[in-house]
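Working notes for the structure below.
We did not get these values from a lab; they are worked out from the coordinates using the rules stated. Remember, it's a predicted structure, so these values are computed and weren't measured experimentally. All Cβ positions, glycine included, derive from the backbone under ideal geometry; neighbour counts span all protein chains shown.
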């Protein structure tokens, strides 16, 4: 109570402290007078507002998010966003509480991540009423594409002409500057030469020459994005995915990655959104090495959630090698998320399997084998530039179903079991799960889309005909139906277990390299769930005494329903079988 009294009426001061830290050097000599009041006004906030309670979890074990494009499912003659709403209502309602709709704005490239107009919905998808309808029934997550925008946007056109809004919005540098330390995820040239009303300029392009980096040294850019956030909140967006935020602030001569000003901007945005809506959530999308990724939690004052980017490559590696040692070592090093923060777990996305988050966790030899195996399964590899003109694998582009069709020895008959095992592991872990729509329905590699677009990432961006997909999901012999049924069954079980709360206790078990296990315990300590998966293609014995089950408790597997009457029992785990052994089934 005392803390709350102390924080009353201090919102303006908090915002001002953030701004003082961001613009302490004020490299553009920008006019900062009254900026705090302007930001509060843009967000519709009163400077005397009380601070929201800290360390509150705005999620529990019932929460899971489906990740999808607005046009991943299509019905002729119907707006794609309405078709998506029908798919959600008819197939996932009750299993998934949230939906992340990937960029639904007008765009020029990168399937939405080169934004033309942040204030509009792409007419090919629908309109704001369609977004509102989804946000009414589901926790809506949207992308704040904050690092860059399209080179064909009005902002950039105005930048070239010296007009507003847009003048001074984009970061420029000189080719004569030493930019060798800059870390980038692409091999294209960093600078793009353009002709402006003020003469020749070289604009900064971290990702592509159609995605020009914004200059947050100019407070006008910050104002624009605060206004955009308010606009999205007014249309039901509760969860904001800060796309590529690690690259936001640039200082030539540095790596231009994870700079302190970037972290301070995240802190500022958190302060603003949580005062506007107490259960609003910021998720940082930072496809970088694990230690750097974790830094975006701050001291529970930056991102509410961070993408668990190391999980996909480590989990896929474990399942194709039959050895969980690297996955287990990583798990043991992961700090528990404080209350008010959580990991956002995923194993597939619209992009690919990032390899930077595996750096320092997998050996170079393991990464080489992983890449070769994925290429054998039909995947492609994207590269990033290194100093001296060298390049290094950055991302594997492949559908998760095809990625898990076999082992390092080649394809086999265990693909579905391996695929379901991957999801069972993810759903048991500390954190909030996100499931890509194409994993939910077992979509395969889309080679035609790669050929038509010329982009490797399109391999995992299939567009389903709604009627065709619906028929497949109802067909008992369909692999798609089997995958969907088994994953939704796991989701249903998960929702009823308090030990699967995203912030419930987690400890890694030591059961050898073929059995990956961890223990979850509910926050009131009444329920335990021992999650044990066979990551190999051979039957593996599990001595229950090795799990240290308490003799006075009754134990059963939540997935199979099998009961265990003695801790002396030895259980035979089939290839890729998962057990969720608990003392208190359906304790929520």
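Remarks
- For region 54-86, the residues whose backbone nitrogen is under 20 Å from a point 7 Å from the Cα of residue 587, taken along Cα to Cβ, are 60-63.
- For the chain, the 222 nm mean residue ellipticity estimated from helices alone, with every DSSP H stretch of n ≥ 4 adding -39500 (n - 2.57) and the total spread over all residues, rounds to -9000 deg cm²/dmol.
- In range of the label at residue 21: residues from region 209-234 whose backbone nitrogen is under 13 Å from the point 7 Å along Cα→Cβ: none
- Bridges between two residues of the chain, per DSSP, are antiparallel at a rate of about 60%.
- Residue 193-residue 41 FRET efficiency (beta carbon distance; Förster radius 35 Å; 0.05 resolution): 0.35
- Cα-based helix-to-principal-axis angle, 311-321 vs the chain, degrees rounded to 10: 40 degrees
- Largest-first principal axis extents of the Cα set of region 150-285 (Å): 47, 32, 22
- For region 505-582, the percent of C-alpha pairs falling in each 5 Å distance bin, counted from 0 to the bin holding the largest distance, reads 3, 16, 27, 29, 17, 6, 1, 0.
- DSSP beta bridge pairing in region 10-147, given as percent antiparallel to the nearest 5: 10 percent
- Quarter of Cα convex hull surface for region 301-370, i.e. mean projection, nm²: 5.2 nm²
- Cα shape, region 1-128, gyration tensor, a/c 1.5 rule: oblate
- Compared with the dominant Cα axis of the chain, that is its longest principal axis, helix 364-376 is turned about 80°.
- Fully extended contour minus Cα-Cα distance, from residue 161 to residue 485, at 0.36 nm per residue: 111.1 nm
- Put in order of Cβ neighbour count within 10 Å, fewest first, the listed residues 571, 121, 66 become 571, 121, 66.
- Residues residue 127 and residue 465, FRET efficiency given R0 of 25 Å [Cβ-Cβ distance, rounded to 0.05]: 0.65
- Rg/Rh for region 160-204 stands at 1.01; both radii use Cα atoms, and Rh follows the Kirkwood definition.
- Across region 566-588, the residues whose backbone nitrogen lies under 15 Å from the label position 7 Å along the beta-carbon direction of residue 524 are 584-588.
- Against the main long axis of the alpha-carbon atoms of the chain, helix 260-276 sits at an angle near 80°.
- The chain - Kirkwood radius from inverse mean 1/r over Cα pairs (Å): 25.0 Å
- Cα-based radius of gyration of region 486-541 once divided by 2.2 N^0.38 Å, which approximates compact folds: 1.26
- Length added when fully stretched, residue 552-residue 78, from 0.36 nm per residue minus Cα-Cα: 164.8 nm
- Of every Cα-Cα pair in region 44-110, the percent that sits beyond 17 Å: 60 percent
- Each of the peptides 184-194, 441-451 was scored by the mean count of other Cβ atoms within 10 Å over its residues; in descending order, highest first, they stand as 441-451, 184-194.
- Projected label distance in nm at residue 478 and residue 279, using a 7 Å step from Cα toward the beta-carbon: 3.3 nm
- Sorting the segments 275-282, 76-83, 510-517 by their residues' average number of neighbouring beta-carbon atoms within 10 angstrom, most packed first, yields 510-517, 275-282, 76-83.
- The calculated FRET efficiency for residue 154 paired with residue 292, based on their beta-carbon distance and R0 = 25 Å, is about 0.15.
- Gyration tensor over alpha-carbon atoms, region 227-266, equivalent ellipsoid semi-axes in Å: 27, 9, 7
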